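Reading through the C-alpha cells given below for one structure.
The values are calculated or read from the model by the stated rules, or taken from the named source; none is laboratory data. In this text the structure is predicted, and so the values were computed from the model without any measurement. All Cβ positions, glycine included, derive from the backbone under ideal geometry; neighbour counts span all protein chains shown.
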Amino acid sequence: MKKAIFAAALLLITLAGWAQIPAEVTDVMDRCRAVMINGNGLEYESDITASLGPLSTKMHFVLADKGDLSRMVMTMKLMGKDVLVESSFDGTDTWRVHHSSKGDTITITRGNNKEKNAGDFALDCDKKYRKAQMKRKEGYYEITFSEPKEKDTEAKSITLKISDKNYTLREMRSSIHGARVTITIAKIRVGLKDSYFKLDLSKYPNAVVVRK
C-alpha cells in the first residue's frame, strides 16, 4: 500500500513538473516551429554578439535548411582579420570551405556532420526547459525559459522574441559560461532549391580539396 501511495505521489510530482510550461507558451512555440521549419526550405540571416566583461565578438551567420539539407555561411573578424567559413550537407556529403589569405581549403566528409545551431535549439525550448514566462509586448512575444531538463545544458535560461504577427523567431538572448550572447535575426527567405546546398567546385578553382 505504501509503495502504491509513493508511486502515485511521484507521478503527481512528475506531472506537475511537466505542467510548468503554460499552454499559451506551447501554442506560440508550435506556431513558431510551423513557420521556421519549412518544407520548401528556409534561410535566415542573423547577427551574433557575445560579450564577456570588456571583451566582445560579433559574427554574421546565414543559415539555411530544407529537410535534411543544410547550409551555413559565417563571417567574423579574428585578431583584426576577416574570417569566412562555409559549410553544407548536400544529402550525401558534408562540405566545408575555409577561406584565408593563404588560399581556400575545402574538406569533404561522407555523411551528415551538421552541428546543432542556436536556432535549432531555440525552437525546442519548451521541450528542453521546465519553466517559462511569457510577456506580450508591442509587436512580439517575449518568452523566458529556465530550469533546463538536462544538467549539461550550457544556457541555464534563454529569452526568445517571437513576432506576434507571423510567429517568426526574431531574437535569442542568453548567458553561457558568463558570456552574454544575443542573436538577432535580420532577414528570412522561404523557398530554396536543392542545388543551393551542393558544392560547386568551379567557384573555388585554386582551393585545396581534402576528402575524408
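Counting only residues that are surrounded by 18 or more Cβ atoms within 10 Å (Cβ to Cβ) and touching a Ser or Thr at 6+ places or on another chain (Cβ under 8 Å), segment 120-133 holds 3 of them.
Yes/no per residue for (1) modelled with pLDDT of 90 or more; (2) surrounded by 11 or more Cβ atoms within 10 Å (Cβ to Cβ); (3) in a helix (DSSP H, G or I):
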site: Leu11; (1), (2), (3): no, no, yes
site: Asp30; (1), (2), (3): yes, yes, yes
site: Ile48; (1), (2), (3): yes, yes, no
site: Val73; (1), (2), (3): yes, yes, no
site: Asp82; (1), (2), (3): no, yes, no
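Condition test on Ser146, is it assigned to a strand (DSSP E or B), polar (S, T, N, Q) and either more than 26 Å from Glu45 (Cβ to Cβ) or touching a helix residue (DSSP H, G or I) at 6+ places or on another chain (Cβ under 9 Å) (or both)? Considered against the rule, which asks whether it is assigned to a strand (DSSP E or B), polar (S, T, N, Q) and either more than 26 Å from Glu45 (Cβ to Cβ) or touching a helix residue (DSSP H, G or I) at 6+ places or on another chain (Cβ under 9 Å) (or both), Ser146 comes out as yes.
Looking only at segment 160-188, residues that are closer than 15 Å to Glu43 by Cα, at pLDDT below 95 and among the basic types (Lys, Arg) come to 1 in all.
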